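Rule-based calculations on the coordinates, nothing more; no lab input. Keep in mind that what you see is a predicted model, and the values were worked out from it rather than measured. Cβ sites come from the backbone with ideal geometry, for glycine too, and all protein chains shown count toward neighbours.
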Amino acid sequence: MEPATTQPVSGGNACSNCGANLEYDFTTNTNKCPYCGSAFKTNKSTEHSTTGPAPDAGCIRFRNDLSKFRDAVIKFLSTGDKTPVNLLFEAEFLPVEQIYVPFYQFSGTYTGYYNTIDNNGKILTQNTPLNGDFSVSVYGGESKAEGEHLAGFASRADKKLIIPVSATLTEGIKLSDSQPEQKAWGNLGELKAASQVYSELNHADPTHKHQHYLKYEAKSASKFYYPGWRAVYYYRGNDYAIYMDDVTGELNGKRPDDANFEPPQRSKVYKKYLLIGLGLWFGVLVLRAALTAFAGDYFDFKNHSLNNIIFSEPVGLYWLLRGAFFLGLFPLLMTKVLYKKTVADYYAALARVRSSNLDLLASGRKSIQFRQIR
């Protein structure tokens, strides 16, 4: 039967022979109707501009708008232990971009053998035959930053969300440059397939190490565009980028660290409690002298009847024991028990400042320039 050419309709295809609705498989342009058996091809639209995506590519629809990205960026720049507290108001944002990032989906087979090795390097099994199928998603663009920030998101994406590209879906959205299919396979695809196989071997036998010697053959390849947002901002002469996965709303980006934000060192906290201990050690002597002067008869200090570990006279055994406690054990115990709280309190104080900045934004008393390229 001759192939029937159909038009993509709302993420699916309609069989031109029987009219049944068919799911669009972005990994191939040729499909078969499960109802009447007719072969059909996905329509290759000519509506795309020369700068647009390939007509046989797929894409995932955008779900979020600028306000969602703005809120996520503000939250991101208001967190982090060492994030400058003034970052929100001193950062200079370039216009925000809504971007479609190219990815390739490679499917194929692998064949070869692998060795199993114990923790001492001894080969337990050698040249064990291995073959199977693989399917991997790899970044297909030219920007290293895009690949680093969005590749992890796209690899987890539900491929059922991918629909045929149309001009209306990509209008006003930046389409990132893509590299040729073979280049993407050579740079990342084969490596990703090998990593997938190695992970499967380790999962099946986590107690041993493995060496695999395999040949990978990509049987099919397809391109799809993944939706994301990008904001670039400058802070004190340096530029930083933030990306948001439009499907999950997750953020991946960079923010500066303030080198002046360092919690008190343990030695400094120890010194603090050492000085407190020294004060307590001599404070007991001051208290004893005061009690002797004003209530000596009542406490009988003059006759030395209370020569104990608390109120003993100086330069004696009890006095030395008190010194060992206040100058040795006391600062060590206090540092061990309270150091983590001291650090937490330090960062909590900075977090309160950042929180007050969010309140200023929410009330309208402060604002940031955040606009989208159109």
Here the FRET efficiency for LEU320 versus ALA259, based on Cβ atoms and R0 = 51 Å and rounded to 0.05, is 0.70
Dipole magnitude (debye, nearest 20) for region 266-363, charges at Cβ of Lys, Arg, Asp, Glu: 600
Output row, site ASP205, 7 Å Cα→C-beta label point, backbone N cut-off 17 Å, window region 127-157, residues 127-132
Farthest toward positive dipole pole in region 66-253 [+1 Lys/Arg, -1 Asp/Glu at C-beta], among ALA241, ILE163, GLY186: GLY186
In terms of Cα to Cα distance under 22 Å, which lysines are near enough to LYS122, apart from those fewer than 8 places away along the same chain? LYS209
Charge dipole of region 266-363 about the Cα centre (unit charges at C-beta), most positive-ward option of GLY328, LEU291, SER356: SER356
Over region 218-357, consider all pairs of different Cα atoms and compute the Kirkwood hydrodynamic radius from their mean reciprocal separation; express it in Å, one decimal. 21.2
Can you tell me how region 50-178 classifies by the Cα gyration tensor, rounded, prolate or oblate, using a/c under 1.5 as the rounded cut? oblate
With +1 on the Cβ of every Lys and Arg and -1 on the Cβ of every Asp and Glu, the dipole magnitude of region 66-253 about its Cα centre, in debye rounded to the nearest 20, is 220
Using the 10 angstrom Cβ neighbour count as an exposure proxy, how do ILE74, ILE310 rank, fewest first? ILE310, ILE74
Sum of side-chain charges, GLY80 neighbourhood, beta-carbon under 12 Å (Lys, Arg +1; Asp, Glu -1): +2
Quick one: which residues, 5 or more positions from CYS59 or on another chain, have an amide H under 5 Å from its amide H? H modelled 1.01 Å from N in the peptide plane, none for Pro or chain starts. ILE163, VAL165, TYR225
Quick one: go through region 231-252 and flag any residue whose amide nitrogen is under 12 Å from the point 7 Å out along the Cα-to-Cβ line of ILE74. none
Step through the residues of region 76-87 one at a time and calculate ³J(HN,Hα) from phi using the Karplus curve (6.51 cos²θ - 1.76 cosθ + 1.60, θ = phi - 60°), rounding each to whole Hz and writing x for Gly and Pro. 5, 7, 10, 10, x, 4, 10, 5, x, 5, 9, 4
³J(HN,Hα) computed for each position of region 103-111 - Karplus, 6.51 cos²θ - 1.76 cosθ + 1.60, integer Hz, glycine/proline x: 9, 10, 10, 9, 10, x, 10, 9, 8
For region 329-338, just list the computed ³J(HN,Hα) in residue order, Karplus coefficients 6.51, -1.76 and 1.60, θ = phi - 60°, integers in Hz, with x standing in for Gly and Pro. 5, 4, x, 5, 5, 5, 5, 5, 7, 10
Filtered hits (lysines, Cα-Cα < 23 Å from LYS82, offset >= 8 within chain) -> LYS254, LYS268, LYS340, LYS341, LYS366
Here the gain from full extension of ASN115 to LYS271, 0.36 nm per residue of separation minus their alpha-carbon distance, amounts to 50.4 nm
Cβ-based net charge around VAL138, under 15 Å, with every Lys or Arg adding one and every Asp or Glu removing one: +1
